[in-house]
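The values are calculated or read from the model by the stated rules, or taken from the named source; none is laboratory data. Just so you know, these numbers come straight off a predicted model, no measurement behind them. Note that each Cβ is placed from the backbone with ideal geometry, even for glycine, and that neighbours are counted across all protein chains shown. What goes into the accessible areas is simple: the full protein's heavy atoms, side chains included, and nothing from ligands, DNA or RNA. Shrake-Rupley method; radii C 1.70, N 1.55, O 1.52, S 1.80 Å.
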Amino acid sequence: MTKPKVFITRRLPDEVVNPYREHLDIEMWPREEEPVGRQVFIERAQSSHGLMTMLTEDVDEQILSQSNNLSIVANMAVGYDNVDVKTAERLNIAVTNTPDVLTETTADLTFGLLMATARKMIEASQYIKDNKWENWSPLMLAGTDIHGKTIGIVGMGRIGEAVAKRAKGFGMNVLYYNRSRKPEAEETFGASYTDFEVLLEQADYVVCLTPLTDETKHMFNKDAFHRMKKDAFFINASRGATVDEEALYEAIIKKKIAGAGLDVFEQEPISSEHPLLSCPEVVCLPHIGSSTKETRYKMMRLSLDNLVHHFQGKPLITPVTSSTDNS
Ligand code: NAP
């Protein structure tokens, strides 16, 4: 029996991919660090039955509607703002993502980013490397406390709850805002539900963990930053476009907020000229929330397992449908 043709848009380790060749006729874009070009992606999508995509690919109407053989897109991310799910559904193309397997790893990074930002860890490391550490002084690289402070989690989903668990362990007071209430999180972490504006006004650390949707695009705008306390920090580990970066930059340089920790940006990679990169109060990471070897391997295998299930006629493990679609 001929195997279904699957195109993977990035070079992945052979030790992960090879076992799946028994079930799938797999072709990979040969480079690990460079995304597939749009034209090659269009051509491969047209000749494939399944795609395994990264968040760097725009799986839009053009790709979906021109690919007559395509019946599944397995996106290697929990976020699927890069996939036009509604069009896929209309064309009877299944979509899957990789929830759960990355939750704890992303929460580790998010809380670590909060700590690095509050305690100036990156700046302090650079201080030594730049040979500036000549003396001790009472307020040298003095940061802001984390224990006993209030964290405000916007998007209390899987990762939001895992961050709340860490915050509780650090003796923080937890506020959250979501469209729906989470009674379990309220009970387990003593989290208090507030509306968005109250959270912004009361939190010492505002942490964004919503998906990127029409509703959350630029949710953190000038008004949001102006509502925050002057000594509060903003942490973003969701998607860059939840933030109006110009408004964030203004808020930082006008001292409307104390600083920011950003794992994600509107344009990735961010330009080296971007004004946010010139702010010492801003800690920047290159979208590494789920990036541990263990978790990335789990994400790869979950995507490949979904492809195998699909072509064997078994239920998908982690399907995305318009009813699970957050937008
Ligand atoms: P999730 O379980 O679906 O949680 C998302 C939460 O956001 C839900 O509780 C949802 O609750 C809430 N939400 C949705 N729309 C909202 C809105 N308009 N206003 C307020 N809250 C809203 O997803 P997850 O697994 O925690 O992942 C969250 C996001 O993190 C992903 O979508 C992805 O973009 C991002 N992420 C980033 C990295 C990274 O590397 N930095 C890694 C993994 C994930 P309601 O529907 O009740 O509002």
Region 173-201, residues that are open to solvent by less than 20 Å² (accessible area, probe 1.4 Å), more than 24 Å from ASP100 (Cβ to Cβ) and among the aliphatic types (A, V, I, L, M): LEU175, LEU199, LEU200
Near pairs, Cβ below 6 angstrom, 6+ apart or cross-chain, from region 246-270 (closer than 22 Å to LEU212 by Cβ and hydroxyl-bearing (Ser, Thr, Tyr)) to any residue that is away from the ligand (no atom under 14 Å from the Cβ) and assigned to a helix (DSSP H, G or I): TYR249/PRO275; TYR249/LEU276
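Can you tell me how many residues within region 166-183 are part of a helix (DSSP H, G or I) and either within 20 Å of GLY148 (Cβ to Cβ) or in contact (Cβ under 8 Å) with a residue 12 or more places away in the chain (or both)?
4
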Of the criteria (1) open to solvent by less than 40 Å² (accessible area, probe 1.4 Å); (2) farther than 20 Å from GLY169 by Cα; (3) not aromatic (Phe, Trp, Tyr), which one ASP81 fails: (1)
Count - residues of region 88-104 that are crowded, with 17+ Cβ neighbours inside 10 Å and within 8 Å of the ligand (Cβ to nearest atom): 3
Restricting region 275-316 to residues that are surrounded by fewer than 17 Cβ atoms within 10 Å (Cβ to Cβ) and aliphatic (A, V, I, L, M), the residue that is nearest to the ligand (Cβ to nearest atom): ILE288
Selection status of LEU51, buried (at least 16 other Cβ atoms within 10 Å of the Cβ), out of contact with any His (no Cβ under 7 Å at 6 or more places or on another chain), of a type in the set (A, V, I, L, M, F, W, C) and part of a loop (DSSP other than H, G, I, E, B): no
